[in-house]
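So the structure is just underneath, and the comments pick up after that.
The values are calculated or read from the model by the stated rules, or taken from the named source; none is laboratory data. All figures in this text were calculated on a predicted structure; none of them were measured in a lab. We place every Cβ from the backbone using ideal geometry, glycine too, and count neighbours over all the protein chains shown. For the accessible areas, the whole protein counts, side chains as well, though only heavy atoms, and no ligand, DNA or RNA atoms are used. Shrake-Rupley method; radii C 1.70, N 1.55, O 1.52, S 1.80 Å.
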Amino acid sequence: MISAAAARDFQLVRAPPDFLDDPYPWYAALREHDPVHALEGGGVFLSRYDDAIAVYRNPHASSDKKEEFRPKLGASPLYEHHTTSLVFNDPPLHTRVRRIIMGALNQRAIARMEAAVVTLVDALLAAMAEKRELDFIDDFAARIPVEVIGNLLDIPQAERGPLRGWSVAILTGLEPALTPAMFENGNRAVTEFIAMLKELIARRRKRPGDYESDVLTRLIQGEQDGGRLTETELYHQCIFLLNAGHETTTNLIGNGLWQLLRNPGEMARLRADPALVPSAIEEMLRYDGPIQLNNRRLVEPATLSGKSLPASTLLTIGIGAANHDPAQFPEPERFDVARKPNRHVAFGQGDHACAGMNVARLEGRIAFTRLLARFPHIEAAGPPERDRRIRFRGFRKLPIRIA
Ligand code: HEM
């Protein structure tokens, strides 16, 4: 049990080691004792579900985080990338770019992905069957999203190798405590990624793909009513799409399997009734979601959990904390593959709600349905290795044995 005093001392930039293993007891203490918790360097950490929803719905809670990141990232490629992306912008840029991206990620485009994902997942499972003991992240979870986004942008197979490393390096640039090595790797990744995209986009301009199904062609050509991305926006939105969809979905699948291994009763329930896979995916997202933090800045004063906050306060929304709030989720520490209702905020909410949530759900559904059908026995083959970051939550290694 974490004391009220310890909760009040809590700081994200020097999170205690046990927080990285299991942040949920800390979130519970913060929710109870200090739900609008002051962070060093200004700003507050929000841990209650109702406060998270209020912020996501507040039109005066801005996503423009340039002020916060300029001192951290300077005039660097990382800064240009992150501040151009959708999640750092408000209308009108946000509205215009989001329309183009949502147009490319429509239900028809997503339905068309299904067959390719099934083929890919089955090929990965066949390779896993040869090994018996393997790393679930490297051999399965991380292999799916990179191919899905690669297909979405129609990046040639031979050019997909570096995508995963670039994506991790660029997102790591958003960690609350950034080391010089993280900063340098992130900048190098943005520069190399742009060089690759320049060539890819030049080729696609010469030979456009199908506007309906090729997301890159759609991003190049913009909306048919005239909305277009600038060249810089185009590069950064492509990078953003890969980043947004890659590590997050890898971690949905990795974190999800880990919960099934820790809860054999729930694994058995899911095997007995595969129709529960979609609700199990929602519970995986709620219980230990891939993104733990979102940020906003107030442009008008607001009151949260009874505390008045002035304009310009930086808000850190604790997604994982909100998703374990007993005021919204009965028995929040119970992993229940049939939980209903399950109005989690793993994909955020409101104007910036995840544009790729149905892509992620499709990948998760196919991955778990085929995995459980293929292997009647899956067990841990040693301790997993956590990726020790705060904003993004997942495993570097998850050794398993299958039969
Ligand atoms: C389980 C996997 C995923 C999780 C947990 C996740 C989570 C999130 C969250 C929390 C946001 C909101 C950010 C904010 O409000 O500041 C977001 C935004 C976004 N996500 Fe995802 N995401 C996932 C997968 C994907 C995939 C597969 C794609 C693309 C194919 C994608 C594309 C986007 C885009 C474009 C946005 C920006 C939306 C906007 O600002 O308007 N995401 N995601």
Give the residue that is most open to solvent (accessible area, probe 1.4 Å), with candidates limited to residues of region 216-274 that are among the charged types (D, E, K, R) and modelled with pLDDT under 95. Arg228
Of the residues Ala367, Ala355, Ala346, Ala360, only one is within 12 Å of the ligand (Cβ to nearest atom), assigned to a loop (DSSP other than H, G, I, E, B) and open to solvent by less than 20 Å² (accessible area, probe 1.4 Å); which? Ala346
Region 129-157 residues that are on the phi > 0 side of the Ramachandran plot, paired with ones that are assigned to a helix (DSSP H, G or I) and within 13 Å of the ligand (Cβ to nearest atom) (beta carbon under 7 Å, 6 or more apart): Asp154/Leu216
Sole residue being within 15 Å of the ligand (Cβ to nearest atom), of a type in the set (Lys, Arg) and surrounded by fewer than 22 Cβ atoms within 10 Å (Cβ to Cβ), chosen from Arg132, Arg143: Arg143
Residue tally, condition within 23 Å of the chain's Cα centre (by Cα), hydrophobic (A, V, I, L, M, F, W, C) and surrounded by fewer than 21 Cβ atoms within 10 Å (Cβ to Cβ), over region 306-330: 1
Go through region 10-67 and tell me which helices (runs of 4 or more DSSP H), entirely inside it, have 3 or more residues that are buried (at least 19 other Cβ atoms within 10 Å of the Cβ). 24-33, 49-57
Matching residues in region 23-71 (under 22 Å from the mean Cα position of the chain (by Cα) and of a type in the set (D, E, K, R)) number 8
Looking at Asp325, is it within 16 Å of the ligand (Cβ to nearest atom) and among the acidic types (Asp, Glu)? no
Note down all Cβ pairs under 7 Å where the first residue falls in region 231-245 and is under 20 Å from Arg205 (Cα atoms) and acidic (Asp, Glu), the second is open to solvent by 20 Å² or more (accessible area, probe 1.4 Å) and away from the ligand (no atom under 11 Å from the Cβ), and they're at least six residues apart or on different chains. Glu233/Thr84
Mind listing just one residue for me: the one in region 86-124 that is of a type in the set (S, T, N, Q) and open to solvent by less than 50 Å² (accessible area, probe 1.4 Å) and, of those, nearest to the ligand (Cβ to nearest atom)? Asn89
Filter the helices (runs of 4 or more DSSP H) completely within region 85-193 down to those with at least 1 residues that are over 19 Å from Ile239 (Cβ atoms) and either of a type in the set (Val, Ile, Thr) or touching a Lys or Arg at 6+ places or on another chain (Cβ under 8 Å) (or both). 93-104, 107-131, 143-153
State whether one or more residues within region 4-25 are closer than 26 Å to Gln259 by Cα and basic (Lys, Arg). no
Unmet requirement for Val337, which otherwise passes all of (1) within 15 Å of the ligand (Cβ to nearest atom); (2) assigned to a loop (DSSP other than H, G, I, E, B); (3) buried (at least 19 other Cβ atoms within 10 Å of the Cβ): (1)
Return the pair list, or none, for Cβ contacts closer than 7 Å from residues in region 96-120 that are within 25 Å of His352 (Cβ to Cβ) to residues that are polar (S, T, N, Q) and open to solvent by less than 70 Å² (accessible area, probe 1.4 Å), at least 6 apart or on different chains. Val97/Gln237; Ile101/Gln237; Ala109/Ser213; Ile110/Asn358
When you go through (1) within 16 Å of the ligand (Cβ to nearest atom); (2) open to solvent by 40 Å² or more (accessible area, probe 1.4 Å); (3) β-branched (Val, Ile, Thr) one by one for Thr303, which number turns out not to apply? (1)
